[in-house]
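See below for the structure under consideration.
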Amino acid sequence: MELIRTGLTTLLSTAGDVLPIIIFIGVFQVFVIRRPLRNLRRLLAGLAFTILGLGLFLVGLEQALFPLGRLMAQQLTHPDFILRGTGAMVGDWHAYTWVYVFAFAIGFATAIAEPALLAVAMKANETSGGAISVWGLRVAVAIGVAVGVSLGCFRIITGLPLQVFILVGYILVVIQTIWAPRLMIPLAYDSGGVATSTVTVPLVMALGLGLAETVPGRSPLLDGFGLVAFACLFPIIAVLSYAQLSALRDRFDTSRKKKGRNHAESIPQEES
C-alpha cells in the first residue's frame, strides 16, 4: 500500500514538473508560431506515456537502485572489507583495489543505462546517416564515465586536489579538439552532460560520500563531492579519442586499398 501511495505521489510530482514545459510550448505555438499542432491526439498520448514512464522510473530508482548503491558503497568502503588480508593501513590507496573495480563497473553500467545517452546516440545516428554508431557512442561514453569515476575515487582516497585533475583533463580536451574530426567535436562536448543524468548521479554521489566518510582524514563535504565532475569530463576525452581512432583506422584502410590498386595496376605493365 505504501508503494502504491509513493507511486501516485511521484506521478503527480512528475506531472507538475512536466506541466510548465507543456504550457510554455503551447503558448509559444499559439502566440508566436501561430499554427495548429499536428497529430494532437498522438502528442497528448505521448505526453501521458512520458509522465507515466518518468514516474515509474523514479519510483524504481528510489525503491531499488538508490538503496542498492548506498549499500554497496558502505560495504566496499568499510575498513573490515578493505583491509581484509591485505596488511595495509586505512587510507593507503593500494588497499582500495575493489573500490576502483566497483567504481569502474558502476560507472560503465550506469552510463549505458542512461536514457538521455540512448536518445542522443539514436539521434546522432539518424542525423549522421548511420556514420555514428549508436553502440559505439554509448560504449565510448560509458568507458569515459567508468575511468572518470575510478580516478575520482583515487583522488578521494589520496586527498589530491580536485582542481589539478580537472585542469589537466580540460587541457587534454583542448589538445584533442585541435586534431579531432569536426563532426564529432560538438557531440563529444555534449556527451559529458547526457552521461550524468538520473541514473548515474545518485549512485556516483553515494559512492563518493561513502568513501569520504570511511577514509581517515577525508571530509564528506570537501572530498565526497566531485565525482560527477569526473564523470562529465572523461566522456568528452573518450568520445574524442574514439573519433580520432576511427579517423586513423579509415585513413589506414584507404591507404591500404590505394596501395592494393596501385600494385594491381603495375602487374600488367610489368608483364608487357
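At-a-glance table
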| read-out | value |
| --- | --- |
| Length gained when the stretch Q29-I178 is fully extended (0.36 nm per residue, less Cα-Cα span) | 49.6 nm |
| Distance-filtered residues of the range 168-204 - backbone nitrogen under 19 Å, label point 7 angstrom along A247 Cα→Cβ | 170-192 |
| Cα-centred dipole magnitude for the range 1-64, charges only on beta-carbon of K, R (+1) and D, E (-1), debye, nearest 20 | 560 debye |
| Residue among Q176, S255, G224 farthest towards the positive dipole end of the range 151-263, charges placed on Cβ | S255 |
| log₁₀ of I(q)/I(0) at q = 0.10, 0.11, 0.14 Å⁻¹ - the chain, Debye sum with one point per alpha carbon | -0.69, -0.79, -1.08 |
| Dipole magnitude of the chain about its Cα centre (Cβ charges: Lys, Arg +1; Asp, Glu -1), debye to nearest 20 | 880 debye |
| Dipole-positive endmost among S191, V149, F165 within the range 77-256 (Cβ charges, Cα centre) | S191 |
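Throughout, read-outs are computed from the coordinates displayed, never taken from laboratory work. Computed from a predicted structure; not experimentally measured. As a convention, Cβ positions derive from the backbone with ideal geometry for all residues, glycine included, and neighbour counts pool all protein chains shown.
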